[in-house]
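The values are calculated or read from the model by the stated rules, or taken from the named source; none is laboratory data. A quick note: this is a predicted structure, and the numbers were derived from the prediction, not measured. Every residue, glycine as well, gets a Cβ built from its backbone with ideal geometry; the counts of neighbours run over all protein chains shown.
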Amino acid sequence: MYRVPMVASIMFMCAFLIVGNAQGSELDRFIGLKGTIDIAGGTAHIPVMNDAAKNIMKFNPDIRITVAGGGSGVGVQKVGEGLVNIGNTGRALSDAEKNKYGLVSFPFAVDGVAVAVNPKNSVSELSSQQIKKIFSGEIVNWKDVGGADAAIHAFGRDEASGTREVFWEKLLGKGDVAQSINIVSSNGSMKVAIAQDSQAIGYLGIGHISDNIKAVVVDNMVPTQENAKSGDYKVVRNLYMNTRGQPSALEQAFIDYILGPDGAEIIEKSGYIPLSR
Amino acid sequence: MIEKWIERALFSSALLCSLCVTAVFGFLLYFSWPLFLDARGLANVFSWVWKPFAGQFGILPMMAGTFSLALLALGIAYPLAIGIASFTHGLAPARITKTVLGLVYFMTSIPTVIYGFVSVFILVPLFRDYFDRGTGFCLMVSAITLAILIVPTIMIALKTEMNQRSEEVCMGARSLGLTPAQELLWVLLPCSGRGLVIAAILGFGRAVGDTLVALMVAGNAPVIPHSLLDPIRTLTSHIALVVATDSQDQAYYSIFAAGLMLFLIMAGLTMVIRNLGNRFGQGKKRHDIPS
């Protein structure tokens, strides 16, 4: 007698579940898609690409995504020659590159770099000229930049770091960097080094700034996520994905995913500022 | 029939192992080959200045860093290890011996990253505040950390040798009326020459090969240290720091050269150990025949 209503209610529940799922997930754009996306290029992009790839491949095993590094130059070369589907760059493409290969760029995040000191340090403002002199070893005492009489402990990043590249190009103007400064290998260890040492100065991604270190105002620019996004803070670069010609359906789905809310969450988790549509 | 198959299985695994090692060496040589063909490039890599963005790719400061760190760590760890091995060899009460040995064996199972981590939060600030020179990330701190890491390696190698020798000589020593301390100092340690050398080389090899301690606490500045409080960069941490760069870059080739150097150092050490083992081994046989 009541078998019919029960079946109906189960069917109703199933339908509800499916619909509910479909509305909730950003990943649904990958339903029914199939194929491979090969990604190469900028190393700063790798954590974002990896997390997105993991989510997508778990959701739809028919899609395979490989992520490789190589640097921005390699990214352009590989996508241009058709060796990969998406080539990542940490800089805008030059006109020559665009014309030669017919590349299309998709900026998706801002990578801002802040200069930071220990919260105990009384210095909270520096000019880019002073920072240049500190990192070249010309200024070695905090009293020369308005602080206490104590030696400056400068920390830098490794050769492969995109953060170092932005800092070196945009703030030091590719100037000389002293050989003897300590090198740390990640944003995390930079934070630990600065938080522990009251005489330290270093630089790290704006997304990594927290209470135990103090971001310095540079040339009257306040390093915050908002200012980096609006362009008021200048020590930034955009991170781009590039495709050769217009993206295929699968590539487009991937790019849309990165630019969507899930992508924004991943981008923030990796320490960058999302450029949502 | 079964024996034959076991023999074959063992032979093929041995063959596979040696093939792997040869392949690693081959690949290292293959990848760093472009460097050897270009005399200017070679001179560039074996120079004293590492400024990759100015086209200077010298890895000699890293060689200096590796050797000064490994030697210093060995200098700290070796006496400690000999002390522990001797102390636990009949000098200490049984219960203390057991505790100390248990502790040393336990130390071998602590991951390297823990040592590095503890060092960053305890030794580095201590050195920075006490000496007021530099950041505290320096040669001395990494040598101390590394020494703690290699003490068990050295001690266990030495202890194994001492246990073997002890069986041979303890009866004679006791019957001469030697106290345990006298036996250790005048009989056992001089008899364990091979063990003393092998333990030192093993410890040195471990110190040269370790990456994480140096990467975390040595400061990584590619300069030649002039003081114990100067930062250094080792070959291993150099590879770890540079491996993520653009693979088209010449900086990338320099890490193959660094890898090749490490491989050659380790191979040289292994050869010394084998050579010593054979020599002492023969000596022992000759000694054994009359008895």
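Remarks
- Every condition in (1) more than 14 Å from chain A (Cβ to nearest Cβ); (2) touching a helix residue (DSSP H, G or I) at 6+ places or on another chain (Cβ under 8 Å) holds for residue B:137 except the one numbered (1).
- Matching residues in the range A:147-176 - criterion: being more than 9 Å from chain B (Cβ to nearest Cβ) and touching an Asp or Glu at 6+ places or on another chain (Cβ under 8 Å): A:162, A:163, A:164, A:166
- Filtered residue count, the range B:153-183, keeping only those that are among the hydrophobic types (A, V, I, L, M, F, W, C), over 26 Å from the mean Cα position of the chain (by Cα) and assigned to a helix (DSSP H, G or I): 5
- Which listed residue, of B:105, B:115, B:130, is of a type in the set (Ser, Thr, Tyr) and in contact with a Ser or Thr (Cβ under 7 Å, 6 or more places away or on another chain): B:115
- Residue within the range A:158-169 that is touching a helix residue (DSSP H, G or I) at 6+ places or on another chain (Cβ under 7 Å) and at pLDDT 90 or above present: no
- Flag for residue A:74 being out of contact with any Cys (no Cβ under 7 Å at 6 or more places or on another chain) and either among the basic types (Lys, Arg) or at pLDDT below 90 (or both): yes
- Complete set of residues in the range B:188-212 that are closer than 20 Å to residue B:157 by Cβ and among the β-branched types (Val, Ile, Thr): B:197, B:198, B:201, B:208
- Number of positions in the range B:198-220 that are within 14 Å of chain A (Cβ to nearest Cβ) and outside any loop (DSSP other than H, G, I, E, B): 7
- Qualifying positions in the range A:236-277 - surrounded by 16 or more Cβ atoms within 10 Å (Cβ to Cβ), hydroxyl-bearing (Ser, Thr, Tyr) and at pLDDT below 90: A:270, A:272
- Of all residues in the range B:149-165, none that is without any contact (Cβ under 8 Å) to a residue 24 or more places away in the chain has its Cβ atom under 6 Å from the Cβ atom of a residue that is part of a helix (DSSP H, G or I) and surrounded by 24 or more Cβ atoms within 10 Å (Cβ to Cβ), 6 or more apart or on another chain.
- Test: residue in the range B:189-201 that is modelled with pLDDT of 90 or more, more than 15 Å from the chain's Cα centre (by Cα) and not small (Gly, Ala, Ser): no
- Once the range A:177-203 is narrowed to residues that are touching a Gly at 6+ places or on another chain (Cβ under 9 Å) and more than 9 Å from chain B (Cβ to nearest Cβ), the residue that is surrounded by the most Cβ atoms within 10 Å (Cβ to Cβ) is A:203.
- Qualifying helices (runs of 4 or more DSSP H) (wholly inside the range B:1-112; at least 3 residues being among the hydroxyl-bearing types (Ser, Thr, Tyr) and surrounded by 10 or more Cβ atoms within 10 Å (Cβ to Cβ)): B:2-37, B:60-86, B:94-108
- Residues located in the range B:221-236, provided they are at the interface with chain A (Cβ under 8 Å from one of its Cβ atoms) and under 21 Å from residue B:260 (Cβ atoms): B:222, B:233
- Matching option when the condition is part of a helix (DSSP H, G or I), surrounded by 15 or more Cβ atoms within 10 Å (Cβ to Cβ) and in contact with a His (Cβ under 8 Å, 6 or more places away or on another chain), among B:149, B:188: B:188
- Filter result for residue A:231 (more than 14 Å from chain B (Cβ to nearest Cβ) and buried (at least 18 other Cβ atoms within 10 Å of the Cβ)): no
- Single match in A:148, A:178 (criterion: more than 16 Å from residue B:52 (Cα to Cα) and in a loop (DSSP other than H, G, I, E, B)): A:148
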